[in-house]
Each structure stands twice: as structure tokens, then as C-alpha cells.
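The values are calculated or read from the model by the stated rules, or taken from the named source; none is laboratory data. Here the structure is a predicted model, which means the values were calculated and not measured. As a convention, Cβ positions derive from the backbone with ideal geometry for all residues, glycine included, and neighbour counts pool all protein chains shown.
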């Protein structure tokens, strides 16, 4: 009887172990948050932010200059000095066009820099190797991205490995 009980217990443990191995554990990662944490202190992002700030300061400076010219034009018009007002109008038009061209050119430049940052192959190689390590260490069979999560209607925070990935990247 003890032999039968031992055999049944052994069968139960092996069947339970087989079923336990078939359970799939899913994890989720917010890749946008990882990306932001990874590049927050990087030189390319600082360069992007610096250029963005520089461009915005220049746009603000040029806009204020145009506003001053408009005020001067209004003052000349109030004084009845139409010839000076007309000269200022030409300056205003020229500077407004220049500002528009400058803004468009700098927006294209910033967008190009931003796309280069987002398509950083070195980052994604490191991300995927880190995800693999975090998944294997955590016993996950699959890690899903929240950015491509049209099918993810709900998930438990216990399967969110974002912080682990950020930590594993050394951030």
C-alpha cells in the first residue's frame, strides 16, 4: 500500500510539474518610458533639447522685433507719417517672411534629429537583450509592448517589467 501511495504521489508531482511548465507568464513593458529614461541624460538628447531651446529663443526674439515694428508703424500712422509707416510695413513683411522660413527650416531640422534619436539601433539592440534577460530571470514566456497593445485590454501591474528593464539598463 505504501508503494502504491508513493507511486501515486510521484505521478501527482510529475503531472503537476508538467502542468506548471505549460503555464505561460506574460509581462508588459512601456517601451516609451524606457526610451525616455534611457535617453534623458544622453548627449544626443541634450543636443536636441539645446537646439530646440536655441531655436525657440531666436523665434521669440524675431517675433518681439516684429511686434516693435508694428507698434512703431501704428505710432507713425497716428502721427500721420504714412511714408515712414509704409517703410516699416515693408520691413514687417520681409521680417515676417524670414521668420516663417526660419521656423519651417528649424522644425524640419528638429524633426530629423528626433527621428534619428528614435531610430537608434544601438538602443534597440541593448533593449532587446535586456528584455530577454529580465524575461528569463522573471520566468516570463512573453513580454508585450504597451505601445503596440491594441489587444491589451487589461494587465496586472505585477506583470509590468518596465522598471526592471530601466534598472537593468543602468538608469
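Points worth noting:
- Checked against the criterion of being modelled with pLDDT of 80 or more and either over 25 Å from residue 24 (Cα atoms) or part of a helix (DSSP H, G or I) (or both), the candidates 143, 113 yield just one match: 113.
- Search result, residues across the stretch 88-123 that are out of contact with any helix residue (DSSP H, G or I) (no Cβ under 9 Å at 6 or more places or on another chain) and under 15 Å from residue 47 (Cα atoms): 111, 112, 115
- Taken over the stretch 42-62, the criterion of being exposed (fewer than 14 other Cβ atoms within 10 Å of the Cβ) and touching a residue at least 12 places away in the same chain (Cβ under 8 Å) is satisfied by 44, 47.
- Breaking point among (1) closer than 19 Å to residue 171 by Cβ; (2) at pLDDT 90 or above, for residue 45: (2)
Condition check ((1) out of contact with any strand residue (DSSP E or B) (no Cβ under 7 Å at 6 or more places or on another chain); (2) touching a residue at least 60 places away in the same chain (Cβ under 8 Å)) across all residues:
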{"position": "69", "(1), (2)": "yes, no"}
{"position": "74", "(1), (2)": "yes, no"}
{"position": "79", "(1), (2)": "yes, no"}
{"position": "89", "(1), (2)": "yes, no"}
{"position": "100", "(1), (2)": "yes, no"}
{"position": "107", "(1), (2)": "yes, no"}
{"position": "113", "(1), (2)": "yes, yes"}
{"position": "137", "(1), (2)": "yes, no"}
{"position": "143", "(1), (2)": "no, yes"}
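- Exactly one residue out of 78, 135 is at pLDDT 80 or above and either within 23 Å of the chain's Cα centre (by Cα) or within 19 Å of residue 40 (Cβ to Cβ) (or both), and it is 135.
- Looking at 107, 81, 119, 86, just one residue is under 29 Å from residue 51 (Cβ atoms) and surrounded by 11 or more Cβ atoms within 10 Å (Cβ to Cβ), and that residue is 107.
- Among the residues making up the stretch 1-42, a single one is at pLDDT below 75 and in contact with a strand residue (DSSP E or B) (Cβ under 9 Å, 6 or more places away or on another chain): 24.
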